[in-house]
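Student: Structure provided below as structure tokens; questions to follow.
Laboratory data are not the source of any read-out in this text; all were calculated from the coordinates shown. Here the structure is a predicted model, which is why all the values come from computation and not from measurement. As a convention, Cβ positions derive from the backbone with ideal geometry for all residues, glycine included, and neighbour counts pool all protein chains shown.
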Amino acid sequence: MNFKRKIYDKMLEWKRESNGKSAILIEGARRVGKSTIAEEFAKNEYDDYILLDFALETKDVRQNFEEHIGEPDTFFRNLFLIKGKELPERHAVIIFDEVQLFPLARQAIKYLVADGRYDYIETGSLISIKKNVKDILIPSEEEKIKMYPMDFEEFLLAKGNTVTMPVIKEAFEKRKPLGEAIHRKIMQLFREYIVVGGMPQAVLEYVDGKSFTAIDRVKQGILSLYEEDLRKYDDEEKEKASLIFKTIPKQLSDHNMHFTFSEINANARYINYVESVEFVAESMIGNLCANVTMPDILMELYADRSNFKLYMGDTGLLVSQMIREGDETEELYKALIFDKLSSNMGMIFENIVAQMLRTSGRELFFHEYKYRPEGTESEKKYEIDFLLVKDKKICPVEVKSSGYLSHKSFDYFIKKYPIKVQDRYIIYTKDLKYADGITYLPVYMTELL
């Protein structure tokens with residue numbers, strides 16, 4: 001089953017506007033559906049295609065790149081002989097799947113695009129890591145597009161549900177509550193999305209009616225695959241990236257969720273782990289959220305990357321990371337879906353908000369600050385969970401895993417900084433409402449921000 005993915009429309013836009021003048025590179029973590037969408041697009045939008053999977057390709061294919069890339073006629077003649085098919089010019093596409101495993105093919109894009117006979121789609125995991133590209137010339141003829149796990153709308157469509165998201169969008173645009181019965185129904189759907197996650201294999205098991213134990217087995221397999229990738233990287237880095245990845249649930253379970261290197265070992269320091277942290281983030285298996293020392297629309301200028309949070313790229317995988325061997329998987333999943341599990345919901349909700357913001361194209365920043373409330377003698381530390389920029393103004397976002405309405409951090413934030421705040425949002429589990437200059441937004445509307 002091929003699920004409807006929003007990235008397809010972006011690929012259509014590339015094909016139409018590029019008209020053969022550039023290749024497209026789909027970047028994403030392993031198992032988010034890059035290869036599937038590339039091949040589906042090739043089948044639907046071209047007369048024919050060739051798939052080169054560099055995890056499996058023969059020595060002959062690789063040798064053809066090494067020896068003949070400067071001679072297009074010879075290169076294509078050999079390629080068609082090896083693959084046993086010829087492609088019609090300007091009506092076909094060649095897919096370079098897992099191109100990070102053969103960087104020379106990525107470098108060849110420059111010459112292949114200039115040749116102009118065919119279109120090119122590349123897919124890659126860990127593609128931006130320095131060691132994968134240190135010896136090649138990155139082609140300027142390459143457009144990059146990021147692919148994330150399935151979002152809530154894509155999850156609903158996979159279930160055959162086409163009615164819920166239009167209702168959510170209309171309520172968001174009109175800033176009108178949905179009503180308790182509808183809100184409660186959508187929250188249950190959203191909790192299903194949280195625990196299953198957005199990895200297509202897991203969603204397929206769910207749509208096919210498999211048990212939560214079977215769904216979790218798929219996700220545990222993906223986690224093992226990630227750990228295997230990290231171990232390959234760790235051959236040179238002494239297991240730093242693996243340790244960072246494995247400690248994500250523990251890091252998020254701490255009250256402020258800041259990444260603490262002492263959880264790895266007592267002597268660990270940011271300076272020694274910075275490259276491994278970047279690796280986990282760049283490989284898109286984790287979402288990095290950096291502290292900004294000053295709330296400003298140019299947040300990157302004030303980012304303190306030594307003070308950060310690290311979320312899982314897919315919240316369904318976080319749920320599986322939290323399940324230990326021997327746990328009653330079915331019971332835990334059902335408890336999460338039916339809101340019967342009070343512990344750890346804070347970390348799960350903040351993780352899904354981070355994921356939804358990241359999927360919608362946002363960089364992630366939070367802000368930690370000190371403020372002395374009137375009538376007190378000492379400064380206290382406060383935090384804004386996420387800072388967004390909207391219409392060139394700061395937009396602070398707080399996440400509550402319940403219906404709790406307190407907003408001291410917002411109040412002191414506005415008093416401390418004389419800035420124009422466009423909108424203030426508290427993302428929580430109740431229906432939409434507006435009060436005290438704050439929009440209280442049900443968590444399933446996050447991706448509409």
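Student: What is the stretch 1-105's relative contact order, in percent, from Cα pairs under 8 angstrom and six or more apart in sequence? Before the final figure, lay out the partial values.
Tutor: Numbers: 80 pairs, mean separation 34.1, N = 105.
Averaging sequence separation for qualifying contacts and normalising by length gives 33 percent for the stretch 1-105.
Student: Would you list, by chain and number, the aspartates and glutamates whose Cα falls below 16 Å from the Cα of Lys392, excluding same-chain residues fewer than 8 positions away?
Tutor: Asp296, Glu300, Glu363, Asp423
Student: Another question, if that's okay. Check Ala29: other-chain or 5+ apart residues with amide H under 5 Å from its amide H, H built from backbone geometry?
Tutor: Distant-sequence amide H within range of Ala29: zero hits.
Student: Let me ask you something else. Could you give each residue of the stretch 63-78 its phi-based ³J(HN,Hα) in whole Hz, using Karplus coefficients 6.51, -1.76, 1.60 with θ = phi - 60°, and x for Gly or Pro?
Tutor: Values, residue by residue: 5, 4, 5, 5, 9, 10, 5, x, 10, x, 4, 5, 4, 6, 4, 5 Hz.
Student: Rank by packing, highest mean first: peptides 282-289, 38-45, 178-185, 97-104, with packing defined as the count of other Cβ atoms within 10 Å averaged across residues.
Tutor: Details: 282-289: 22.9, 38-45: 17.4, 178-185: 13.4, 97-104: 20.5.
The densest-packed peptide leads the list: 282-289, 97-104, 38-45, 178-185.
Student: Could I ask something else about it? If the stretch 370-449 were replaced by its equivalent ellipsoid, with semi-axes equal to the square roots of 5 times the Cα gyration tensor eigenvalues, what would those be, largest first, whole Å? Please report the intermediate quantities before stating the final value.
Tutor: Details: eigenvalues 103, 49, 20 Å².
Its equivalent ellipsoid spans semi-axes of 23, 16, 10 Å.
Student: Taking H placed 1.01 Å from N in the peptide plane, check which residues at least 5 places from Val399 or on another chain put their amide H under 5 Å from its amide H.
Tutor: Amide H neighbours of Val399: Asp385, Ile427.
Student: Let me ask something else. Taking the Cα atoms only, what angle lies between the long axis of helix 345-359 and the longest principal axis of the chain, rounded to 10 degrees?
Tutor: Helix 345-359 and the main axis of the chain meet at about 40 degrees.
Student: Amide H neighbours of Gly197 under 5 Å, counting only residues 5+ apart in sequence or on other chains, H built in-plane at 1.01 Å?
Tutor: Placed amide hydrogens put Gly316 under 5 Å from Gly197.
Student: Using a cut-off of 14 Å between beta-carbons, work out the net charge of the residues near Ser262 (Lys and Arg +1, Asp and Glu -1, Ser262 not included). List each step's numbers first, then the result.
Tutor: Values: positive: Lys250, Arg269; negative: Asp254, Glu263.
Cβ neighbours under 14 Å give a net charge of 0.
Student: If you don't mind, another one. Got the relative contact order for the stretch 154-448 handy, in percent, Cα pairs under 8 Å and 6 or more residues apart? Display every interim value, and only then the final one.
Tutor: Numbers: 424 pairs, mean separation 50.7, N = 295.
Computed over the stretch 154-448, the figure is 17 percent.
Student: What 222 nm value per residue comes from the helices of the chain, counting each DSSP H run with n ≥ 4 as -39,500 (n - 2.57) and dividing by all residues, nearest 500 deg cm²/dmol? Walk me through the numbers before you get to the answer.
Tutor: Details: 18 runs with 199 residues, N = 449.
That comes out to -13500 deg cm²/dmol.
Student: What is the spin-label model distance, in nm, from Lys10 to Gln188 if the labels are put 7 Å beyond Cα along the C-beta direction?
Tutor: Here the answer is 3.4 nm between the modelled labels.
Student: Then there is this: Lysine pairs in the stretch 172-273 with alpha-carbon atoms under 24 Å apart, 8 or more places apart or on different chains: how many are there?
Tutor: 14
Student: Do the alpha carbons of any pairs in Lys6/Lys144; Lys309/Lys390; Lys34/Lys400; Lys340/Lys390 sit beyond 25 Å of each other, and which pairs?
Tutor: Details: Lys6/Lys144 15 Å; Lys309/Lys390 22 Å; Lys34/Lys400 33 Å; Lys340/Lys390 36 Å.
From the list (Lys6/Lys144; Lys309/Lys390; Lys34/Lys400; Lys340/Lys390), the Cα-Cα distance tops 25 Å for Lys34/Lys400; Lys340/Lys390.
Student: How tilted is helix 180-196 with respect to the longest principal axis of the chain? Cα atoms for both, answer in degrees (0 to 90, nearest 10).
Tutor: Tilt of helix 180-196: around 50 degrees.
Student: Given the peptides 135-143, 190-198, 212-220, 433-441, arrange them by the average over their residues of other C-beta atoms within 10 Å, most packed first.
Tutor: Details: 135-143: 13.9, 190-198: 24.1, 212-220: 19.1, 433-441: 15.8.
Final packing ranking: 190-198, 212-220, 433-441, 135-143.
Student: Provide the per-residue ³J(HN,Hα) series for the stretch 311-320, in order, calculated from phi with Karplus coefficients 6.51, -1.76, 1.60 and θ = phi - 60°, each as a whole number of Hz, with x at glycine and proline positions.
Tutor: Those phi angles translate into 9, 6, x, 10, 5, x, 5, 4, 4, 5 Hz.
Student: Residue by residue through the stretch 369-378, what is 3J(HN,Hα) from phi via Karplus (6.51 cos²θ - 1.76 cosθ + 1.60, θ = phi - 60°)? Round to whole Hz and write x for glycine and proline.
Tutor: 8, 10, 8, 9, x, 4, x, 10, 9, 10
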